[in-house]
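Notes to accompany the following structure.
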Amino acid sequence: MKLKLGSLLAALFFCIAPAWAQAGNDDVVAGSHDLEVWTGLGHSISTSVTHTAVWNGGIRYGWVLTDLHGPGFLRGRFEYGVDAVPVFVVFEPARTAYGVSFDPFALRWNFQQRRRVMPYLEFSGGVLFTNHQVPPGVSAINFTPSAGIGISVPHGRYRWSAELHYLHISDAFLTSYNPGINLLQLRVGIALYKRPK
């Protein structure tokens with residue numbers, strides 16, 4: 001199943017590659033700040049915990065830290081962000097758990113924009129607090145490392161994004177039994193970037 005997930009992420013990456021054929025105007029520059037609202041929906045994959053789904057939504061504040069770096073199609077800018085996730089719903093077979101999450105780091109590589117499309121790769125992580133143990137019998141405090149690949153497209157003052165997002169929920173062996181939950185999500189968002197003065 002891990003091979004299938006890797007193949008799916010690679011396919012998404014290479015499906016958007018033809019859009020890189022021609023450069024366009026890039027509104028994400030070093031020193032920019034952005035505020036993004038996003039939501040995601042996904043289902044469990046490749047795990048001992050099955051039939052579990054997650055819906056979450058959050059707000060991200062980010063900083064574009066660098067100018068363009070790197071060779072060829074890898075050329076891009078580094079962005080750092082933090083996520084507040086006030087909506088985190090875990091649909092389990094026995095019950096539904098409600099929670100909140102905070103990601104103190106979201107590391108994003110924004111590839112150079114081409115033909116209005118800006119692909120990106122992302123790694124993030126944080127902590128999740130729920131009103132019930134997730135999964136049942138384990139812990140109500142979990143950690144949420146994740147990775148994603150997506151695209152961002154400008155529309156007026158805003159940028160729309162769509163992302164294939166891998167999310168892992170685990171208590172990192174705070175308890176002796178720690179099966180973990182692996183999920184694949186589709187996330188969408190809208191962001192406003194503010195250029196430096």
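The values are calculated or read from the model by the stated rules, or taken from the named source; none is laboratory data. Nothing here was measured: the structure is a model prediction, and the numbers come from that model. Neighbour counts are summed over all protein chains in view; Cβ atoms, including those assigned to glycine, are modelled from backbone coordinates with ideal geometry.
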(request) Residues being in contact with a His (Cβ under 9 Å, 6 or more places away or on another chain) and modelled with pLDDT under 85: count how many of those fall in region 2-46. (result) 0
(request) Inspect all residues belonging to region 171-189 and state whether any of them is more than 14 Å from the chain's Cα centre (by Cα) and within 30 Å of ARG75 (Cβ to Cβ). (result) no
(request) Determine whether ALA84 is out of contact with any Cys (no Cβ under 7 Å at 6 or more places or on another chain), surrounded by fewer than 16 Cβ atoms within 10 Å (Cβ to Cβ) and closer than 21 Å to VAL127 by Cβ. (result) yes
(request) Determine, yes or no, whether SER44 is out of contact with any helix residue (DSSP H, G or I) (no Cβ under 9 Å at 6 or more places or on another chain), touching a residue at least 60 places away in the same chain (Cβ under 8 Å), crowded, with 20+ Cβ neighbours inside 10 Å and of a type outside the set (Val, Ile, Thr). (result) yes
(request) Report the residue count in region 149-175 for those that are acidic (Asp, Glu) and not in a loop (DSSP other than H, G, I, E, B). (result) 1
(message) I need the strands (runs of 3 or more DSSP E) fully contained in region 74-148, keeping only those with at least 1 residues that are of a type in the set (S, T, N, Q).
(response) 96-111, 118-130, 141-143
(request) Within region 153-197, track down each residue that is free of Cβ contacts under 8 Å to residues at least 24 places away in the same chain and either basic (Lys, Arg) or within 19 Å of ALA53 (Cβ to Cβ) (or both). (result) LYS197
